[in-house]
Every structure is written in C-alpha cells, then in structure tokens.
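Peer 1: To start, I am sharing the structure in question, which I have written as structure tokens.
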Amino acid sequence: MALFLQSVVSGLLVGGVYALIGIGLTLIFGVMRIINFAHGDLLMMGMYGTWIAFTAWKLDPFLSILLVFPALFLWGAFLQRTFINRVLGALPQNQILLTIGLGLVMSNTAMFLFTSDYRILTTSYSSESFQLAGLSLSSPLAVSFVITATITAILYWFLMKTDTGQAIRATAQDRDAAQLMGINVRWMSILSFGLGAAFAGTAGALISPTYYIFPQVGQPFTLKAFVVVVLGGMGSVVGATLGGLLVGVTESLAAVYISSGLKDLVVYVVFLLILLFKPAGLLGKSRM
Amino acid sequence: MDAMRPSPSPAPRGSARISVAAAVAVVAALAAVPAFVSNPYALHIMILLFLSVIMGSAWNVVGGYAGQYSVGHAAYYGIGAYVTLIFMTQYRIMPWWGTWVAMAAALAVALVIGSITFRLRGPYFVLASIAVAEVIRLTVLNWKSVTNGAEGILSGPIPKIAFGETTIKFISKVPFYYVGLAMVVATVLANLAVQHSKLGYYFQAIREDQDAAHSLGINLTFHKNVALGISAVFTALAGSYYALYVRFIDPSTVLTIDVSVQMVLICIIGGIGTVLGPVIGALVLVALSETLRSNLITDVLISIGAVSAESRVGAFLKEHLSHAHMLIYGVLVVVVILFMPDGILGWVRQSMRRRALAAAGEKR
C-alpha cells in the first residue's frame, strides 16, 4: 500500500508538469483548432533558456521562469503572427505539417547552436528529497508542482474573470460569432498562441533540474501533450489539468507494477482506447 | 477549401503516348547507368534516391489519394526492415522470401490498425497513427529476445542468388541498384494504377468529401483499409530494402517518427496526390541532404573564395553545415506549405498555366 501511495504521489508530481504542457496545447487548439506539433520544441527552448541563464548567471531554474515565460510568449506570438495565422483556413493536414516544419527548424537550430550533447543542470537540490506523511517526495518536483498549481490557478482566474479571458473563451466557442460581437479575434489568437508557448516554456524550465537537456528532448513531450489533451477533451483547460495528472499517475503505476521500459507503451495504449471509445475526452464535450 | 488541391486534370489525348515514351526512356537510361558509372558513391546516392521514391510513393497512396494523413508509417517501414532481417539472421530464410513475409506482416498489421483507427477523422486520425507507431516502436524496443532491443540487429553478408548459370552476389552496389530501380518502377506503376482505376476514384472521392462519398455508397472503412494496405505493403518493401542494403537496423533508425515525417515531407514537397510528386520530392530532398552532408556547399564556398577554410566562419560551416539537412527540411516544409501548398509540381503546373493564359491573352 505504501508503494502504491508513493507511486501515485510521484505520478501526481510529474503529472503537474504534463498538465502545464497540455494546458498550453489545449489553449492553442481551443482558440485556433490547430494541433501544435512544435509544442515539445517550445518546451525544449524553455529548457535551453533556463540552462543558459543558469550557466551564464547562476540563475536558479525556478527563478528563470520570470525570464522564460515572457520570452516564449513573445516567440509564440511571433510564430502565430508570421506563420500560423496564414494557414488558419487551410487544410488541417497543412496546418499540422507547418507546425511539424517549425518544430524541425527549432530543434535543429538548437542542434546547430548547442550540438546534440546532453546537458545537465545540476542544482544543489536536484536530487534532494523530503519526507511527508511517510512518503518521500523529490524536492524539485514538489516545488515545480506548487508553481504549476499556482500558474494554473492564475490562468483559470484570467480565463473566467477578466474581459480578455472571456474574449478568449468566446473565440474558442465560436470564432465567427465572437468576431461579430466585436472581439478582436486575431489578437486573441496571438495571445493564446503566446500563452500556449509560454506554458510549454515554463514547463521546460520546471523540469530542467531533473531531465537531460538536448535538442530532440521535445518530441516525446509533444506526444505526451497530445495524450493529455485528448484524455481531457481537446480545448478543455480543466480536462488538460486532469489529463496531465492522470497520465503522470498512469505512467508511475505502470513503471512500478509492470516495467519502467513499458510505461510509455501503457500510456499510448490507454490513449488509443480513449480515442476509440471516448474521443471527446473523459470530460465529454466541455470546452475551457 | 478543396479547390486548392491539384485536381487530376485529364491530360490532352496524345500526350499520354509521349509521357509513356518519356517514362520508358528515363527507366532505360537509369538501367544503363551502372554500365557507365562505377563510382560507388554515385550509386549509393542513386540507391538512396530510389529508397526515397519508394517511401514517398508508398505513402502517397493512402495520404495523397485517399487523403488519410498517417504520420505513423514508420510502423510499416520498421516491420518490413525487422521481419526481413530477423528471418534472415535467425531462421536463415533467404531475404527474397523474407521480404514477402515482411510485406504480408505489414499488410496484416495495417488491416488491424486501419480497422481500428479509420473510425477517427482529421487530427484524431493523425494522432492515433502516431500513437500506434509509438506502440510498435516500444514493443520492438522491449521485446529483446526477438528484436535485440535498442542494440538493433546487425546482419552478415546477404547470401548470393543463383539463376542456373549466373549467380548474383550482393557485394557491390550494382545488384542493389537494379533491385531498387525495379521497385521504383513497381511502386510508381502502382500509383499510376491507383490514380486511374475505379478504386482510385473512390479514394479520391473519400479525400474530397467523405460524407458525400459515403452517401454515394462508398464503403469508407473498407476503401481506406485497401488504401492503407497497398501503402503498407510498399512501405514494408522499402523498409526491407533499406535493412538489406545497410544491414543494420535499430528502433531509432527505422521506427522513429522521423521516418514517418520524412515520408510525408517527400510527398508534400513534391506534390501530394500526384504520380510524379513523390519522385520530384525525393529528388529534391536527397539532392539537398547529400550536398549538405558531403559538405559540398562549404567546399564550393571555400573554392570560390567566399570564405577561407582557416577562418572561423569556414571552420564553423564545415563543422556544422553537414548536420544541417534536417534544419533545411524544416525550412523547406514551412516555405512549401506557406507559398506552394500544392508542392513543387503543383506550383510549376500553376505557373505554366498562368504563362499559357498570359500568352493566349497577348495573342488576342
């Protein structure tokens, strides 16, 4: 039982980060109906940003979020304005390929600049852990979980209570109707792509003390973000949060009770089952 | 929205005979190449080109004609590669039999996957195809007793084949060249057959509007499965060819999403849903990646004196440009999607049409 609880809790901690990645993806999908295949590469950029800040100025990875978030927001807004915006009415296939292309450019530019060496960001607390109610928790993961929860809470508040947030939700619900109501749909798209990218980058900063940093690190995270988003229902922020936690726990339990080599396999099988039997996601049709 | 697609406009009568003649001439010229070219590197590039053409054309059947964007074709490529090499190294089954087994295995897997995932549409199908390919990659990675896991399979030389008096040894690149050429012809002919058959019209109807196709009595799942089956068989053939040519495979070379993406790119860059598109796409991509890999561009820049070999820029280019082919792929995809959504072939056709219209306007 202790083992079970332990793996559930570590799964939740990792799942928090997955949730953050998924929220970014689902925000982009909700507003623009575009699946961003470059999402993991945005995360990779966040990781490298954190790594540079750490090696150059000894900036703590968790503090570097203050840098990474705005930087990735601007980058995402730029990508939306220059590239994504042009294919909003195109075939979904072309949209997917455009983001795949952008992802290739990002990851290979990173390889060009930083080579494909694995980088490690070792902080004093990278492998630290503490005891809580008989369970051992990794300190960096616990801190990142708290940060994730805070950011998610702020996002909920932003989407629910502010005018801009409501405008984003309206755009996600019905783009044309929102435009007729006088909402600047173009700006909302730029804003949500920027936010999506910023969340991915933040997730990258959060995991950088515990993961290897290399140019191709994004790909598995892109796939995992898809799983998270489909689990929760495409376009639903609440769903992505739950989906992220669920994927984290599934992975952790599969690693403990089946085999650590097969944990991703289990996640993908669950993903396929959900796609087939409940394609609208576990939460049904809710959007944002 | 579908008006952007290159509609297979019926070519004027008489031009068909010319293009058949041209195609025969090209194949004959290619068949004559090894008689004049003995440089192994040149043959190697031609073999890579053949491989890319087969991969692109194979994907084109399901992605281009039936409009089902699978980004998981690495699954069939990997199955082709693995089944062939496992049968050869472990069961001593000759590769020319093993390849058939590999194709049959890929077909079987495709039909299972297809009947499950073709219930999904659009982005959901894309995601499912990726997930299935990942499941297969992880299975191969973990099924160590058969697949040797992450270490991959290294095979010895390929056994020679005897036809009565003549024996063919697969030591030089020449036999691989001819096998590849034959496979290219077969794959391109299969595309041509699909494009002009009733089956192909069903595929294209599904691509243009599945609901309309369905309402006209086309069995969607059945025909999508047929398209995927054809595509998977040729993809497995390509995988098998690759495995026998390189004689080393592991999950990170034949089963990654990069392989799937590359197959899609070949078609997108050349022109999706056309017979010549994948051929053009393969030509462009192979030429590009080989000039980068062989540092040709840097050498040219140095030889014309644009940069000196000793300078930091020259050293940087020499060091890095050879690894940049994926970067260039990415840039190319972005450019093609934004500016030539019908690929190079579609763009050329469109500008020719525009020029013809302009010429007609001047006459008047």
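Peer 1: Which numbered condition trips up B:Ala287, out of (1) modelled with pLDDT under 85; (2) aliphatic (A, V, I, L, M); (3) surrounded by fewer than 16 Cβ atoms within 10 Å (Cβ to Cβ)?
Peer 2: (1)
Peer 1: Then there's this: Let me spell it out: the conditions are (1) surrounded by 15 or more Cβ atoms within 10 Å (Cβ to Cβ); (2) among the β-branched types (Val, Ile, Thr); (3) within 14 Å of another protein chain (Cβ to nearest Cβ), and A:Thr82 meets all of them except one. Which number is the exception?
Peer 2: Status for A:Thr82: all satisfied but (1).
Per-residue answers, yes or no, for (1) of a type in the set (A, V, I, L, M); (2) within 14 Å of chain B (Cβ to nearest Cβ):
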position	(1), (2)
A:Met106	yes, yes
A:Asp117	no, yes
A:Ala142	yes, no
A:Ala153	yes, no
A:Gln173	no, no
A:Arg186	no, no
A:Gly194	no, no
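Peer 1: Something else: Condition first: closer than 25 Å to A:Ser10 by Cβ and touching a strand residue (DSSP E or B) at 6+ places or on another chain (Cβ under 9 Å). Can you find one or more residues in segment A:213-228 that meet it?
Peer 2: yes
Peer 1: Of A:Thr162, A:Thr202, which residue is buried (at least 24 other Cβ atoms within 10 Å of the Cβ) and of a type in the set (Ser, Thr, Tyr)?
Peer 2: A:Thr202
Peer 1: Let me ask something else. If you go through segment B:119-148, how many residues are over 20 Å from A:Val267 (Cβ atoms), at the interface with chain A (Cβ under 8 Å from one of its Cβ atoms) and part of a helix (DSSP H, G or I)?
Peer 2: Selection size over segment B:119-148: 1.
Peer 1: The conditions are (1) at pLDDT below 90; (2) part of a helix (DSSP H, G or I); (3) of a type in the set (A, V, I, L, M, F, W, C); (4) more than 23 Å from A:Thr222 (Cα to Cα), and A:Trp157 fails exactly one of them. Which is it?
Peer 2: Going through (1) at pLDDT below 90; (2) part of a helix (DSSP H, G or I); (3) of a type in the set (A, V, I, L, M, F, W, C); (4) more than 23 Å from A:Thr222 (Cα to Cα) one by one, A:Trp157 breaks only (1).
Peer 1: Please pick out the residue among B:Ala110, B:Ala150, B:Ala102, B:Ala162 that is modelled with pLDDT of 90 or more and within 21 Å of B:Tyr245 (Cα to Cα).
Peer 2: B:Ala102
Peer 1: I would also like to ask the following. Of all the residues that make up segment A:20-49, how many are outside any helix (DSSP H, G or I) and of a type outside the set (Lys, Arg)?
Peer 2: Going through segment A:20-49 one residue at a time, the tally reaches 5.
Peer 1: Here is a further query. Within segment B:334-364, take every residue that is small (Gly, Ala, Ser) and touching a Gly at 6+ places or on another chain (Cβ under 8 Å) and give me the one that is surrounded by the most Cβ atoms within 10 Å (Cβ to Cβ).
Peer 2: Restricting to residues being small (Gly, Ala, Ser) and touching a Gly at 6+ places or on another chain (Cβ under 8 Å), the top hit is B:Gly343.
Peer 1: Could I ask something else about it? Name every residue in segment A:228-256 that is under 15 Å from B:Ile130 (Cβ atoms) and without any contact (Cβ under 8 Å) to a residue 40 or more places away in the chain, in order of residue number.
Peer 2: none
Peer 1: So A:Ala225 ticks every box in (1) within 12 Å of chain B (Cβ to nearest Cβ); (2) crowded, with 18+ Cβ neighbours inside 10 Å; (3) over 14 Å from B:Ala131 (Cβ atoms) but one. Which box is left unticked?
Peer 2: So the condition that A:Ala225 fails would be (3).
Peer 1: Restricting the search to segment A:130-151, which residues are out of contact with any Phe, Trp or Tyr (no Cβ under 9 Å at 6 or more places or on another chain), part of a helix (DSSP H, G or I) and surrounded by 14 or more Cβ atoms within 10 Å (Cβ to Cβ)?
Peer 2: Across segment A:130-151, the qualifying residues are A:Leu141, A:Phe145, A:Thr148, A:Ala149.
Peer 1: Restricting to segment B:209-219, name every residue that is surrounded by 13 or more Cβ atoms within 10 Å (Cβ to Cβ) and charged (D, E, K, R).
Peer 2: Correct list: B:Asp209 only.
Peer 1: Kindly establish whether B:Ser155 is crowded, with 16+ Cβ neighbours inside 10 Å, of a type in the set (Gly, Ala, Ser), more than 21 Å from the chain's Cα centre (by Cα) and more than 10 Å from chain A (Cβ to nearest Cβ).
Peer 2: Yes; evaluated as a whole, the condition is true for this residue.
Peer 1: Select from segment B:324-359 the residues that are more than 8 Å from chain A (Cβ to nearest Cβ) and outside any helix (DSSP H, G or I) and write down the one among them that is modelled with the highest pLDDT.
Peer 2: By that ranking, first place goes to B:Met340.
Peer 1: Still on this structure, I have one more. Working carefully through the options A:Val9, A:Val17, find the one that is more than 30 Å from A:Arg175 (Cβ to Cβ), in a helix (DSSP H, G or I) and at pLDDT below 90.
Peer 2: A:Val9
Peer 1: Moving on to the next point. Just for segment B:245-256: of the residues that are of a type in the set (A, V, I, L, M, F, W, C) and crowded, with 22+ Cβ neighbours inside 10 Å, which one is nearest to B:Ile86 (Cα to Cα)?
Peer 2: Applying the filter and picking the extreme gives B:Ile249.
Peer 1: Among the numbered criteria (1) surrounded by 21 or more Cβ atoms within 10 Å (Cβ to Cβ); (2) part of a loop (DSSP other than H, G, I, E, B), which single criterion is violated by A:Gly182?
Peer 2: The number of the failed condition is (1).
Peer 1: Is there a residue in segment B:100-118 that is outside any helix (DSSP H, G or I) and not hydroxyl-bearing (Ser, Thr, Tyr)?
Peer 2: yes
Peer 1: Could you please give the count of residues in segment A:85-98 that are over 14 Å from A:Ser189 (Cβ atoms) and either more than 7 Å from chain B (Cβ to nearest Cβ) or among the hydrophobic types (A, V, I, L, M, F, W, C) (or both)?
Peer 2: Summing the residues that are over 14 Å from A:Ser189 (Cβ atoms) and either more than 7 Å from chain B (Cβ to nearest Cβ) or among the hydrophobic types (A, V, I, L, M, F, W, C) (or both) in segment A:85-98 gives 5.
Peer 1: For segment B:186-256, please list each of the helices (runs of 4 or more DSSP H) lying entirely inside it that holds at least 1 residues being within 18 Å of B:Val275 (Cα to Cα) and in contact with a helix residue (DSSP H, G or I) (Cβ under 6 Å, 6 or more places away or on another chain).
Peer 2: Helices (runs of 4 or more DSSP H) meeting the threshold: B:198-208, B:220-246.
Peer 1: Is it the case that B:Ala131 is within 26 Å of A:Ile35 (Cα to Cα) and either without any contact (Cβ under 8 Å) to a residue 40 or more places away in the chain or surrounded by 20 or more Cβ atoms within 10 Å (Cβ to Cβ) (or both)?
Peer 2: Taking the combined requirement at face value, the residue satisfies it.
Peer 1: Please verify whether B:Trp97 is away from chain A (no Cβ under 14 Å), part of a helix (DSSP H, G or I) and of a type in the set (Phe, Trp, Tyr), treating the condition exactly as stated.
Peer 2: Yes; evaluated as a whole, the condition is true for this residue.
Peer 1: Then there is this: What single numbered condition from (1) modelled with pLDDT under 90; (2) away from chain B (no Cβ under 12 Å); (3) more than 12 Å from A:Leu20 (Cα to Cα) fails to hold for A:Ser259?
Peer 2: (2)
Peer 1: Within 13 Å of chain A (Cβ to nearest Cβ), assigned to a helix (DSSP H, G or I) and in contact (Cβ under 8 Å) with a residue 60 or more places away in the chain, is that true of B:Ile86?
Peer 2: no
The values are calculated or read from the model by the stated rules, or taken from the named source; none is laboratory data. Worth saying up front: this structure is predicted, and the values here are computed from it rather than measured. Every residue, glycine among them, receives a Cβ derived from its backbone with ideal geometry; neighbour counts consider all protein chains shown.
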